[in-house]
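Worksheet: the structure to be examined is printed underneath.
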Ligand SMILES: Cc1cc2nc3c(=O)[nH]c(=O)nc-3n(C[C@H](O)[C@H](O)[C@H](O)COP(=O)(O)O)c2cc1C
Ligand code: SF4
Ligand code: SF4
Ligand code: FES
């Protein structure tokens, strides 16, 4: 049996650790089968929770663990669950966000491809905690194989009585629906995801109301990332105290980082939060250094929407607080590495092209601003930059930042702002000379 | 006539400061609305007072203390102690930035844009002094393939043009269409800055409310082909009026060109108590019939076998003489009159006085399309139709019950109101009818009862209520009066299960505030008295009106006015007393109502008819109306806007002025008196009905009124009488009559208005004809399958009484053995198929091959 996609992971290290847990079985090709999963104690936690714990106990445990959302914003998971109104007569929904489309991020995919039952078990526990009887997983449309794998796992879970009516004789009904996305980045944003799930156009909704109050079909809804929910399963298995032995005080636990770009060993690595970014890039167990042993130019540490770090900033811990302290964000944990041969204007053009293309188009600043930015950056890249363009870019970015419905607008401009700040002379050179200061020595296909 | 007994719960108030001004508003109000209410202007593009806020355009930024970012005021709730600034530097900069983004791709084609002069974007741009753009790229352009025009205009509906280049993507068109109207024929396509508005694939934007989309577009992206390029808006004058095609009396505004006697367009004149600012396409384009080249220009008189134009004097003198002759020879019992319930109060009262004082008869009516009418004035149905009903109370109802109504066609305005209630509140809505209707899309559940079992269904509801709550008073008494008297047989007969009936009964028992609407399936039914009796019983049993409102809604612009003025043979005793006092007498005779007059005509016992603004030959629901009935008359005088099937039979035809051509008052379904001002002078030689009647009376030397003032005073006095009839003091007998059914005619025919037409006149409004120009047979997909027909195929519809041919339209709503036929088209007279004596109009259909 082979894997659908050969992704490098640090499963061996995780298996040898008594703490790391997410990747323990991801190199076992049989792990997708329910028998294998159960043989490792799979669904035991769900059974234990459902038959012995009250929903509020689960919320309390997750709160105590200090788990923060792995979808990008790092919002405390237990606290989010606590926002579900206690007295609402409406049904509640849990939605697992598996739209994973943030450029550079490919961690949820590994979980779904290789350990789908762990995600389902985590979802079941979370559903129970919030009193939900129908849960959804919204999987990125391009992930056809994930959809198949999760769907198959789902059938198995039903067949074995882990889902369905009266689970484990507890009287609790729990159903699950796998939903395929249609191929839009914005549908990873939780409110656009809910619109898409309802059959509407995938466009973000203004908050408030927050989904926990009025989400799917205007009912209380919790949206959590795949990794978040999978982690819930492990927390409920081993306890909040155990979980807190990993990571930092404010960012406890472990997290998967997807390392890509100009590194020798791109892959997905589960490490404790607070782990050194430098080590992740250079350690042979992980990134193993820069491609062609070139010099590092910059790193986007948390997915395409986070500001650049320069080489002097990478001696930093990969946790929410440390990342903020150096002016960037942990985001989804996608570490994208650029070496010295990268033209920054070229790189930013790729990014703004992506965000312009993926803007849902609902709010004016993001819809019009990303389009305008792309045109200016394109002309600079192609040698047509005009004096004043850099100031214009900065001004337009300022008129988008903090002015949009959803964070995509911010996401689009933050890397640009940081790139202009860090490498302003390169931009200026481009405008003055009509070409790159750093000739780009590789091409994307 | 707001008589709702329920009181609103006390609303919590919050106080905030806006630009140093203290403002107190109910909790839940947005900062924007708080500001607007306090007279502080904040610009908006995507916000609409009747839609949910989406915060898309971002022009409505304000600065709020303690919030680091600018906030969109349209989607931020005002809270206690909030300190808001709407004109600070940072707000102005933010707003200017948004404006710059919007203008980046907006063509600066104001000089050729029809919105110029009333464009929100143009106004705001001037206000902000943006005269130069930093955007130095080619603007986004949506080219229309195959159209060699630099305007890039795209036709997306019979009356709507779209220019995507000008669109600022506020989504108001798409949102209102979906949210407010429940329609999906316009949408947003693509994504991000490639996004565009367009008609749904393969469709036209042609829903019955489509004109509103143009009206709420803040820029010139959506324009009406009706109005565009005809005139600049600053060269117009406006006149407030009301929609007389609708019993709600939506408020509208006519635009006419300065110094010219021509109306150019209609827009809404938002009245939150009635219409929320939405009007139907019929209200919007209906004015065009006023300028139709088919308008009657001069009086016509039959000379020999032909009608020839004559002067008013001759026509009036002739009418006066002929009526006097018939009165002398046959007696005034042989003269009758029908007046349209869309006429103004002055005309209706003049008609009443003309018939009763000048001629001396009680043979008069305004109920032009009722099949059977009761002899007694205090019937169960008159109770039901006289009940107070307040449109705005729908908003706060927690249970809304629509019984026997195809709401979008009969009461479009109330349909929108229920939608709004659904959007902003959580009412339980039920739609109950004998066939599927579009308006059921706002309902939590739709129930279909078997044809002709309205009263059985209501009986079933009563019985279910008793089972749910045996303590309901008088339950035993009720059971003795109705049959079947047990729930299961009622359920079986009407085809709605006992469980469902119980669930419905429970909601009616538990509802805190109920709006119960009774529609045409009851009002126009042969057996409406029986059904009304059942409804009276239901109200007595569960007490609906003690917790809300329940009424058979009036169907025409002035039905309630006509009722209140006593335009029926035997009016409400108070009205009769008032009229007797005013006139010093009242005809002794009982008088015939519409159906009675028909029967008398058929028997040859009615010799003369005076008809004002009605076309019974084409509209009265009886095949015999089409045939000889009117030929038997000795003398027929008809006043109308156009030549019709009825004027064709007349001895004298008089040109009637339309509601736009004189100031008139109308009473809407709530009992609210509203005025339609005079927008233009009467065209040609047309006159309002009250003036025509005054002329004839004068010619007969029996002047109607000494002055207009006297007429008005009389109307005031009569309207002062209450015509609400009390609910019966006991349960009424409800014994369902047998339903006649012949296996040779297995399909139920429903006749009504096309959503873009009303009665027989809108055929003359060019825009409405673009939406629908001819009759059609709308049938369920099952029937289409069965008869192997598709859209456009011709079918023959045949009843015991007649047959006709029409093209097929496969329905998106109807299910089962039901067909719908509009009654609005002169070439296809729907009434030739039906009998006023039948409860259900059964037909059969055949495909016409070839
Ligand atoms: C433009 C945009 C794209 C996003 N894409 C994803 C995504 O692909 N997967 C994801 O889990 N969260 C994504 N998010 C974050 C979600 O909105 C949401 O915060 C998250 O699913 C919450 O889960 P968590 O609390 O478990 O992190 C995205 C947010 C934005 C603004
Ligand atoms: S910020 Fe962009 S993606 Fe988010 S709602 Fe606005 S237009 Fe859509
Ligand atoms: S067409 Fe008009 S109403 Fe519709 S989105 Fe564009 S600007 Fe707004
Ligand atoms: S009016 Fe408030 S965002 Fe458009």
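The values are calculated or read from the model by the stated rules, or taken from the named source; none is laboratory data. Here the structure is a predicted model, which is why all the values come from computation and not from measurement. Quick reminder, even Gly has a Cβ in these numbers, built from the backbone with ideal geometry, and neighbours come from all protein chains shown.
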Answer from A:122, A:171 - the residue that is over 19 Å from residue A:29 (Cβ atoms) and surrounded by fewer than 17 Cβ atoms within 10 Å (Cβ to Cβ): A:171
Residue in region B:128-146 that is surrounded by fewer than 20 Cβ atoms within 10 Å (Cβ to Cβ), in contact (Cβ under 8 Å) with a residue 12 or more places away in the chain and within 16 Å of ligand 4 (Cβ to nearest atom) present: yes
Filtered residue count, region B:55-83, keeping only those that are more than 15 Å from residue B:26 (Cα to Cα) and away from ligand 2 (no atom under 16 Å from the Cβ): 9
Residue within region A:191-204 that is surrounded by fewer than 19 Cβ atoms within 10 Å (Cβ to Cβ) and out of contact with any helix residue (DSSP H, G or I) (no Cβ under 9 Å at 6 or more places or on another chain) present: yes
Hey, residue A:340 surrounded by fewer than 19 Cβ atoms within 10 Å (Cβ to Cβ), on the phi < 0 side of the Ramachandran plot and away from ligand 1 (no atom under 16 Å from the Cβ) or not: yes
3 or more residues in contact with a strand residue (DSSP E or B) (Cβ under 9 Å, 6 or more places away or on another chain) and in contact (Cβ under 8 Å) with a residue 12 or more places away in the chain: qualifying helices (runs of 4 or more DSSP H) within region B:592-702: B:594-602, B:689-699
Hits in region B:385-430 (condition: in contact with a helix residue (DSSP H, G or I) (Cβ under 6 Å, 6 or more places away or on another chain), surrounded by 24 or more Cβ atoms within 10 Å (Cβ to Cβ) and at pLDDT below 95): none
Strands (runs of 3 or more DSSP E) fully within region B:142-256 counting 3 or more residues that are within 14 Å of chain A (Cβ to nearest Cβ), under 17 Å from residue B:756 (Cβ atoms) and over 26 Å from the mean Cα position of the chain (by Cα): none
Some residue of region B:105-113 being within 14 Å of chain A (Cβ to nearest Cβ) and at pLDDT 95 or above: no
Checking residue A:415 against (1) within 16 Å of ligand 2 (Cβ to nearest atom); (2) within 10 Å of chain B (Cβ to nearest Cβ), the condition it does not meet: (2)
Among the candidates A:164, A:182, residue that is away from ligand 3 (no atom under 16 Å from the Cβ), outside the structural domain of residue A:355 (by the TED database) and modelled with pLDDT under 95: A:182
Residue that is farthest from residue B:122 (Cα to Cα), among those in region B:71-104 that are within 11 Å of another protein chain (Cβ to nearest Cβ) and not in a helix (DSSP H, G or I): B:77
Checklist (1) away from chain B (no Cβ under 14 Å); (2) at pLDDT 95 or above applied to residue A:142, failing item: (2)
Every residue from region B:675-692 that is surrounded by fewer than 23 Cβ atoms within 10 Å (Cβ to Cβ) and within 30 Å of residue B:391 (Cβ to Cβ): B:675, B:677, B:678, B:680
Hits in region B:28-61 (condition: more than 34 Å from the chain's Cα centre (by Cα) and within 14 Å of chain A (Cβ to nearest Cβ)): B:31, B:58, B:59, B:60, B:61
Residue satisfying condition, being surrounded by 14 or more Cβ atoms within 10 Å (Cβ to Cβ), at pLDDT below 95, part of a loop (DSSP other than H, G, I, E, B) and more than 16 Å from ligand 1 (Cβ to nearest atom), within set B:44, B:6: B:6
Any hit, region A:181-190, residues being within 23 Å of the chain's Cα centre (by Cα) and on the phi > 0 side of the Ramachandran plot: yes
Tally, over region A:358-390, of residues that are free of Cβ contacts under 8 Å to residues at least 12 places away in the same chain and either farther than 20 Å from residue B:98 by Cα or touching a helix residue (DSSP H, G or I) at 6+ places or on another chain (Cβ under 7 Å) (or both): 6
Whichever residue in region A:354-384 is surrounded by fewer than 24 Cβ atoms within 10 Å (Cβ to Cβ) and not in a helix (DSSP H, G or I) and, among such residues, is farthest from ligand 3 (Cβ to nearest atom): A:383
Boolean, residue B:697 is outside the structural domain of residue B:535 (by TED's automatic domain parsing) and more than 30 Å from residue B:434 (Cβ to Cβ): yes
Residue in region A:326-337 that is more than 10 Å from every other protein chain (Cβ to nearest Cβ), in contact with a helix residue (DSSP H, G or I) (Cβ under 8 Å, 6 or more places away or on another chain) and more than 22 Å from residue A:277 (Cα to Cα) present: no
Test: residue in region B:481-493 that is under 29 Å from the mean Cα position of the chain (by Cα) and either part of a helix (DSSP H, G or I) or assigned by TED's automatic domain parsing to the domain that holds residue B:820 (or both): no
